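Written below as structure tokens is the structure these notes are about.
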Amino acid sequence: DLQVAFNYNMVAILNHRPVQVGVIPILKAYVDHQRDVITNRSNYELEKATKRQHIVEGLIKMVSVVEEIIRIIRASNNKKNAKENIIEAFQFTEMQAEAIVMLQLYRLSNTDIQALMEENDALSKKIKALKRILSNESALRRVIKSELVRVSDALADDRRTEIESEIETIKVDQKELISDERVIIGISKDGYVKRASTRSYQASQSVGLKTDDALIFEKEVQTTDTMLIFTNLGNYIYLPVFKIDEQKWKDLGTFINNIVPIEQNERIVKVLAIRYFNDQEYLLLTTAQGSMKQSVLSDFNVSRYNKPLRAMRLGAGDELVSVDEHAKDFIIALSKNGYVLRFKSEELPAYGLQAGGVKSMALSKEDAVAEAFYASANDDIVMLTVRGHIIKDVVGEIPLYSRSRRGILIVDHLKTNPHYIVAGSKLTRAQQKENVEALIVSERESLKCNVSDFKYSGNKFGKKMLDEKKSGEAQFLVIADSKDDTKVPTKPKPIKSHRTSKRKSKDSAVKEETVISNHKRIRLSSLDLFDDDNEE
């Protein structure tokens, strides 16, 4: 073992009650305890030695009058009478007389008498030493020290560490100790997190979930990867994969609040699996009120992650609704009421995690941003409506505006049961070629399909994917990455200033064209002619 841990109890009995103490108090408590032990032991041994010396002195005295002692014993009626006669004749004590009458005659040899003399001298020395311990604090402390040294000699082993004046701090990255394995991570909209082996995933016919819950993240990752879980309160949870307890895929999982404490009204809006925290990569963060910023991916890498961390500062009543990765040339913003804005990524400044964003999309009072993501000119846009419909469009056909504009309306307004946009995503050529999986999550169910299922024709509200009466309102749209899309892309460098440059490029903006027809204002776009009752 590179490290060996030793556990010990830091509880001492102080003033007749157990107390948890530090190193110095517990050592003092132990020394005080040893003082009591040695004092009580010395008192006991002193009393025992004094009694024994008294008996030995009586036996030595008896030797000089042994003939008379024998005569008295022979003339006595019994043991008790013999003891009384001996005490009366020679003034022995009761204890000495008892020892004399119990003495066997063979013990009266010269050898035994010499042994009694030597024992008496030893007892005198012992009594003197015990009295010195009991009356002298220094002598008592020397006994404690000598006994501790004996214990150390008997039990201690050689020091395994080296004491040096200067040492180099060694930091071991726990990831280096983890075996790199492929596992399946599942995270549900209600906040349940599970990690399962690929074998358990393949053997399970269904995933373990609560009623009306659904997975919003289901992906094969490495144990050395890191999950970034973003919440609506502008926070993110840094969760290494190897820190997630392994379970069976059919198990419910662990509630996120049991891993990292979150607020009661905090919910997951986006989950990303990160392998390398590249300082050339950026994340796009967007709020419901239209604040938006780019942040360097490496800023999200931390060493302490026992609580949610700030990803974006929010204004009053605002919440984080969208996070995207793999920066591209353009940013697409979708509003709830069906507006789409396309502008260049380089127009959006980069900020730190403690900062808020800048205005990205002009919104009416009743509107809000539903989703924002990076896209290329040859990508498609996929939008999910609250009624479970999928609407597709082409990035290249969306006019290019400057930031802070409303954009164009591409989803018609209905007075009753409108098709509000709740989620969206880009759809690259590589994803379409590979026909990757897509996941649509609603209040009460989820639908797994392929992107080829999004094809439709002739319906301006797209293709119906969910039955809204059965499934409830749609909430999430997740499209799997293609193999080509997961490669680290080359990102146009964002402007360093926290303010957007006022200089416009040749194609930086496309002006909206409006005409008056039948006393109504009509906006002309590249896609359609439509009423714009809300335009001012």
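For this structure, a couple of remarks:
- Nearest 10 degrees, 0 to 90: helix 137-155 Cα axis against the chain principal axis: 60 degrees
- Dipole size of the range 293-449 about its Cα centre, with +1 on Lys/Arg Cβ and -1 on Asp/Glu Cβ: approximately 340 debye, rounded to the nearest 20.
- Among the GluC sites (Glu not before Pro) within the range 324-399, those in coil by DSSP and having at most 13 neighbouring Cβ atoms inside 10 Å are Glu366.
- D (Stokes-Einstein, µm²/s), Kirkwood Cα radius, the range 278-320, 1.306 mPa s at 10 °C: 136 µm²/s
- Summary of the geometry: the range 79-109 and the range 269-334, compared by the centres of their Cα atoms, lie 102 Å apart.
- Charged-residue dipole, Cβ positions (Lys, Arg, Asp, Glu), the chain about Cα centre, Debye nearest 20: 640 debye
- Calculated FRET efficiency for the pair Glu88/Gln114, C-beta based, R₀ 25 Å, to 0.05: 0.25
- Between Asn15 and Ser303, the modelled labels are 4.2 nm apart [label points 7 Å from Cα along Cα→Cβ].
- Label-point separation in nm, Asp212 to Ser138, each point 7 Å along Cα→Cβ: 8.4 nm
- Of the trypsin sites (Lys or Arg not before Pro) in the range 341-426, those whose Cβ has at most 16 other Cβ within 10 Å and which sit in DSSP loop: Lys365, Lys415
- Both radii are taken from the alpha-carbon atoms of the range 141-238; with Rh as the Kirkwood radius, Rg/Rh is 1.36.
- Neighbour-limited loop hits for GluC sites (Glu not before Pro), the range 224-309 (at most 16 other Cβ within 10 Å; DSSP other than H, G, I, E, B): Glu263
- Listed values for the range 325-330 are Karplus-derived 3J(HN,Hα) couplings in whole Hz (6.51 cos²θ - 1.76 cosθ + 1.60, θ = phi - 60°), namely 10, 6, 4, 9, 5, 10, and x replaces Gly and Pro.
- Nearest-0.05 FRET efficiency for Lys171 and Ser452, computed from C-beta distance (R0 60 Å): 0.75
- Protein-only accessible surface at a 1.4 angstrom probe places the residues Ile259, Ile163, Ile55 in the order Ile163, Ile259, Ile55, largest first.
- Contact order relative to length of the chain, as percent, for alpha carbon pairs under 8 angstrom and 6 or more apart: 10 percent
- When Rg and the Kirkwood radius Rh are both evaluated on Cα atoms of the range 1-143, their ratio Rg/Rh stands at 1.28.
- In degrees, nearest ten, helix 66-75 long axis to first principal axis of the chain (Cα): 90 degrees
- The solvent-accessible area of Tyr192, taken with every protein chain present and a 1.4 Å probe, is close to 40 Å².
- Average projection, convex hull of the Cα set of the range 302-424: 9.0 square nanometres.
- Gyration tensor analysis over the Cα atoms of the range 209-269 returns equivalent ellipsoid semi-axes of 19, 16, 11 Å (largest first, whole Å).
- Mean separation of Cα contacts under 8 Å (6+ apart) over length of the range 182-235, as relative contact order %: 45 percent
- Built amide H within the under 5 Å cut-off of Gly234, gap 5+: Leu320
- Residue-by-residue Karplus 3J(HN,Hα) for the range 347-352, coefficients 6.51, -1.76, 1.60, Hz, glycine and proline x: 6, 9, x, 9, 10, x
- Angle of helix 79-90 to the longest C-alpha principal axis of the chain, folded into 0 to 90 degrees and rounded to 10: 70°.
- Label assignment, semi-axes √(5λ) of the Cα gyration tensor in Å derived from the structure, set (i) 67, 30, 20; (ii) 45, 27, 20; (iii) 95, 24, 20: (iii)
The values are calculated or read from the model by the stated rules, or taken from the named source; none is laboratory data. Remember, it's a predicted structure, so these values are computed and weren't measured experimentally. Using ideal geometry, Cβ is built from the backbone for each residue, glycine included, and neighbour counts are taken over all protein chains shown. What goes into the accessible areas is simple: the full protein's heavy atoms, side chains included, and nothing from ligands, DNA or RNA. Shrake-Rupley method; radii C 1.70, N 1.55, O 1.52, S 1.80 Å.
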